[in-house]
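The values are calculated or read from the model by the stated rules, or taken from the named source; none is laboratory data. Computed from a prediction, not measured in an experiment: that's the story for all the values here. We place every Cβ from the backbone using ideal geometry, glycine too, and count neighbours over all the protein chains shown.
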Amino acid sequence: MQQIMYKSTRNSDLRVTASQAILQGLAPDGGLFVPETLPKWDGDIDILPEQSYKQTAYQVMRLLLTDYTEDELKSCIDKAYDSKFDDPRLAPLVHKGDAYYLELFHGKTIAFKDMALSILPHLMTTAAKKNHIDDEIVILTATSGDTGKAAMAGFADVPGTKIIVFYPKDGVSHVQELQMRTQRGDNVHVVGIDGNFDEAQTGVKNIFQDAAMAERMKKNHLRFSSANSINIGRLVPQIVYYYHAYGQMAAQGVIKPGEEINVTVPTGNFGNILAAYYAKQMGLPIRKLICASNENKVLVDFFRTGAYDKNRTFKVTSSPSMDILVSSNLERLIYRITGEDSEVTAKLMKALSSQGVYRITDAMQEQLSDFYGNYADEQQTAEEIAQVQRETGYVIDTHTAVASKVYRNYVIESGDETPTVIASTASPYKFANVVVPAIYPSLEDKSDLEMIDILNKISRVKIPQAIEDIRSAPILHSTFIKGADMEKEVADWLKLN
Ligand SMILES: *Cc1c(COP(=O)(O)O)cnc(C)c1O
């Protein structure tokens, strides 16, 4: 089998193995690790419908994480995808109305981040062993709401690791905040910052790139890594569920093996949809990648005009996990459409951080024809939740509703009737305070906990354990700082000399 090495989007000469890329998270030059080539999937598309999620996971991941042995990889997969998930199918595909929703929220924290963050800690501790790393690994994470909890659920009390999560204190839902502030584990630290997700993410990237900090960490036998989707160890497990979804579409008789599907993905940091793009590049028959944004629609404008411009007002919406103006993983796509030119990529990213804007060439833009971008505003999102519930009885969360609405518009605009999978990224229970009034506006004054019980009556879906847990759990974390003090907070909590 072909060995796959990883290189930085800002320096094509820097080559590391998959396990080293996972350990490091971000490349030392600030770039993101990408596979040198995307291997062709070598499975049998005719038997994909009969395979279990874990079988498909192994088939896909072995092609990209080539320095892991079969035993190592299978052991990581077994530990990740077990009874932590409340549905034995792990990621069921449900048909409602004209749409196929791929439910990616059956993990411990009821958002799609669990699909990758259940396995990342195992991939990382295996990587540390393989590379003879004795330093303790400190996971630094910026979260727009869901990554933080999912990462802590994965790393809590994992020997040899610590995890620090920064979240925008006024930018996450009440349930998301409670989930994080009640997190147990001696190795976890949760910090609310005075700023939005982009500031949290930039702060984390700055700490990663600070040479003096790296030196201090080394002296203290510590090293940083990342649980954000900038870590390739997040992206690779996400490719799996597009293969799985494709198999389910065939199993349900919607397509014949070999026929094309579209995918619609509610997008923030561009990790989930990039995984779909990688799946397509590896040979999965995907026609269109439909990129759905909320009112923070930088990506929509980018696909239309070729200019990425973050100079605009940051909006706090009802789909907080997509409230992002700097979609980090777009850098990986940019790198690809420059013809893997790390100098050009580095220049564009520098323009983004200094001027807040960059423009790609026409030749680059032509390579984006696989993508379609559109957005749903707040009112449309609420209406979509209500419409889907009214017509099918199915209740979707705010993020999924953005995707569902954008898909509806895409079909009207394009007439494309290719069967389409919509990535359903969170349980509606996580956003009951928005979902319930979207369906019954007169109930908008109820408390969050009342909303959860009402949602239970509307949807007839069992209240997930993750929600039961926060009803009674004590608040364990109350650290709030200014965005500018993130590095100091890290040094203090780690008691760095
Ligand atoms: C993180 C998240 C998204 C956005 O995914 P990206 O990979 O950042 O584009 C969408 N919906 C939910 C519920 C999320 O948690």
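How many of the residues in the stretch 473-490 are in a helix (DSSP H, G or I) and surrounded by 14 or more Cβ atoms within 10 Å (Cβ to Cβ)? Reasoning before the result, please.
Step one: list which residues in the stretch 473-490 are in a helix (DSSP H, G or I), which gives 483-490.
Next, only the ones that are surrounded by 14 or more Cβ atoms within 10 Å (Cβ to Cβ) stay: 483, 485-487, 489-490.
Counting residues in the stretch 473-490 that are in a helix (DSSP H, G or I) and surrounded by 14 or more Cβ atoms within 10 Å (Cβ to Cβ) gives 6.
Of all residues in the stretch 455-497, which are in contact with a Leu (Cβ under 7 Å, 6 or more places away or on another chain) and under 30 Å from I396 (Cα atoms)?
Across the stretch 455-497, the qualifying residues are I470, R471.
Quick one: Q389 ticks every box in (1) within 30 Å of E199 (Cα to Cα); (2) crowded, with 16+ Cβ neighbours inside 10 Å; (3) at pLDDT 95 or above except a single one, so which number is it?
(1)
Tally time: how many residues in the stretch 404-419 are out of contact with any Cys (no Cβ under 9 Å at 6 or more places or on another chain), hydrophobic (A, V, I, L, M, F, W, C) and surrounded by 13 or more Cβ atoms within 10 Å (Cβ to Cβ)?
Residues of the stretch 404-419 that are out of contact with any Cys (no Cβ under 9 Å at 6 or more places or on another chain), as a first pass: 404-405, 407-419.
Keeping just the survivors that are hydrophobic (A, V, I, L, M, F, W, C) gives 411-412.
Narrowing further to those that are surrounded by 13 or more Cβ atoms within 10 Å (Cβ to Cβ): 411.
The total comes to 1.
If you scan the stretch 10-22, which residues turn out to be more than 15 Å from K205 (Cα to Cα), touching a helix residue (DSSP H, G or I) at 6+ places or on another chain (Cβ under 6 Å) and buried (at least 21 other Cβ atoms within 10 Å of the Cβ)? Steps first, please.
Taking the stretch 10-22 and keeping what is more than 15 Å from K205 (Cα to Cα), we get 11-22.
Still in the running and touching a helix residue (DSSP H, G or I) at 6+ places or on another chain (Cβ under 6 Å): 11-12, 19, 21-22.
Of everything in the stretch 10-22, those that are more than 15 Å from K205 (Cα to Cα), touching a helix residue (DSSP H, G or I) at 6+ places or on another chain (Cβ under 6 Å) and buried (at least 21 other Cβ atoms within 10 Å of the Cβ) turn out to be S19, A21, I22.
Return yes when A116 is within 12 Å of the ligand (Cβ to nearest atom), under 15 Å from L73 (Cα atoms) and either hydrophobic (A, V, I, L, M, F, W, C) or under 15 Å from the mean Cα position of the chain (by Cα) (or both) and no when it is not.
Numbers: within 12 Å of the ligand (Cβ to nearest atom): yes; under 15 Å from L73 (Cα atoms): yes; either hydrophobic (A, V, I, L, M, F, W, C) or under 15 Å from the mean Cα position of the chain (by Cα) (or both): yes.
Criteria met by A116.
For the stretch 136-165, enumerate the residues that are within 15 Å of the ligand (Cβ to nearest atom) and either closer than 17 Å to L23 by Cβ or among the hydrophobic types (A, V, I, L, M, F, W, C) (or both).
Hits for the stretch 136-165 are T141, A142, A150, A151, M152, A153, G154, V165.
Would you check which residues across the stretch 318-355 are within 16 Å of the ligand (Cβ to nearest atom), among the hydrophobic types (A, V, I, L, M, F, W, C) and farther than 20 Å from K280 by Cβ and list them?
Step one: of the stretch 318-355, the residues within 16 Å of the ligand (Cβ to nearest atom) are 318-334.
Those left that are additionally among the hydrophobic types (A, V, I, L, M, F, W, C): 322, 324-326, 330, 333-334.
Scanning the stretch 318-355 gives M322, I324, L325, V326.
Considering the stretch 43-58 alone, what residues qualify as being closer than 13 Å to Y241 by Cβ and touching a residue at least 24 places away in the same chain (Cβ under 8 Å)?
Correct list: L48, Q51, Y53, K54, T56, A57.
Working carefully through the options Q380, Q389, find the one that is in a helix (DSSP H, G or I), within 25 Å of I467 (Cβ to Cβ) and more than 16 Å from the ligand (Cβ to nearest atom).
Values: Q380 fails: within 25 Å of I467 (Cβ to Cβ).
Of Q380, Q389, the one residue that is in a helix (DSSP H, G or I), within 25 Å of I467 (Cβ to Cβ) and more than 16 Å from the ligand (Cβ to nearest atom) is Q389.
Please go through the stretch 210-240 and give me each residue that is closer than 22 Å to G483 by Cβ and over 22 Å from the mean Cα position of the chain (by Cα), ordered by number.
Residues satisfying the conditions are D210, A211, A212, M213, A214, R216, M217.
Say we look at the stretch 399-411 and pick out the residues that are within 16 Å of the ligand (Cβ to nearest atom) and of a type in the set (A, V, I, L, M); which of these is farthest from I110 (Cα to Cα)? Working first, answer last.
Of all residues in the stretch 399-411, those within 16 Å of the ligand (Cβ to nearest atom) come to 399-407.
Within this subset, residues satisfying the condition of being of a type in the set (A, V, I, L, M) are 401-403, 406.
On the way: A401: 16, V402: 18, A403: 18, V406: 23 Å.
Applying the filter and picking the extreme gives V406.
Identify, please: which residue in the stretch 151-180 is within 19 Å of A432 (Cβ to Cβ) and in contact with a Ser or Thr (Cβ under 9 Å, 6 or more places away or on another chain) and is, among those, modelled with the lowest pLDDT? Even if it seems obvious, please write down each step before you answer.
Keep residues of the stretch 151-180 that are within 19 Å of A432 (Cβ to Cβ), which gives 171-180.
Then drop every residue that is not in contact with a Ser or Thr (Cβ under 9 Å, 6 or more places away or on another chain), which leaves 171-173, 176, 179-180.
Numbers: G171: 90, V172: 90, S173: 87, Q176: 91, Q179: 94, M180: 96.
Residue satisfying both the conditions and the ranking: S173.
Can you name the number of the only condition in (1) within 13 Å of the ligand (Cβ to nearest atom); (2) farther than 26 Å from S118 by Cα; (3) charged (D, E, K, R) that R234 fails?
(2)
Restricting to the stretch 412-426, what's the tally of residues that are in contact with a strand residue (DSSP E or B) (Cβ under 7 Å, 6 or more places away or on another chain), hydroxyl-bearing (S, T, Y) and more than 16 Å from the ligand (Cβ to nearest atom)?
2
Condition first: over 15 Å from F208 (Cα atoms) and of a type in the set (D, E, K, R). Now tell me which residues in the stretch 11-30 satisfy that.
First, pick out the residues of the stretch 11-30 that are over 15 Å from F208 (Cα atoms): 11-20.
Of everything in the stretch 11-30, those that are over 15 Å from F208 (Cα atoms) and of a type in the set (D, E, K, R) turn out to be D13, R15.
Those residues that are over 15 Å from G107 (Cα atoms) and crowded, with 24+ Cβ neighbours inside 10 Å, I need them from the stretch 141-163; list them, please. I'd like the intermediate steps shown before the answer.
Within the stretch 141-163, the subset over 15 Å from G107 (Cα atoms) is 141-145, 156-163.
If the condition is that a residue be over 15 Å from G107 (Cα atoms) and crowded, with 24+ Cβ neighbours inside 10 Å, then T141, A142, T143, S144, G145, I163 are the ones that fit.
When you scan the stretch 114-129, do you find a residue that is at pLDDT 95 or above and either within 30 Å of Q387 (Cα to Cα) or of a type in the set (F, W, Y) (or both), even just one?
Scanning the stretch 114-129, I find at least one residue that is at pLDDT 95 or above and either within 30 Å of Q387 (Cα to Cα) or of a type in the set (F, W, Y) (or both), so the answer is yes.
Give the residue, chosen from I452, I470, I463, I458, that is hydrophobic (A, V, I, L, M, F, W, C), touching a helix residue (DSSP H, G or I) at 6+ places or on another chain (Cβ under 7 Å) and at pLDDT below 95.
Numbers: I452 fails: at pLDDT below 95; I463 fails: at pLDDT below 95; I458 fails: at pLDDT below 95.
So the residue among I452, I470, I463, I458 that is hydrophobic (A, V, I, L, M, F, W, C), touching a helix residue (DSSP H, G or I) at 6+ places or on another chain (Cβ under 7 Å) and at pLDDT below 95 is I470.
Would you confirm whether any residue within the stretch 100-116 is among the small types (G, A, S), closer than 19 Å to Q20 by Cα and surrounded by 24 or more Cβ atoms within 10 Å (Cβ to Cβ)?
Yes - at least one qualifying residue is present in the stretch 100-116.
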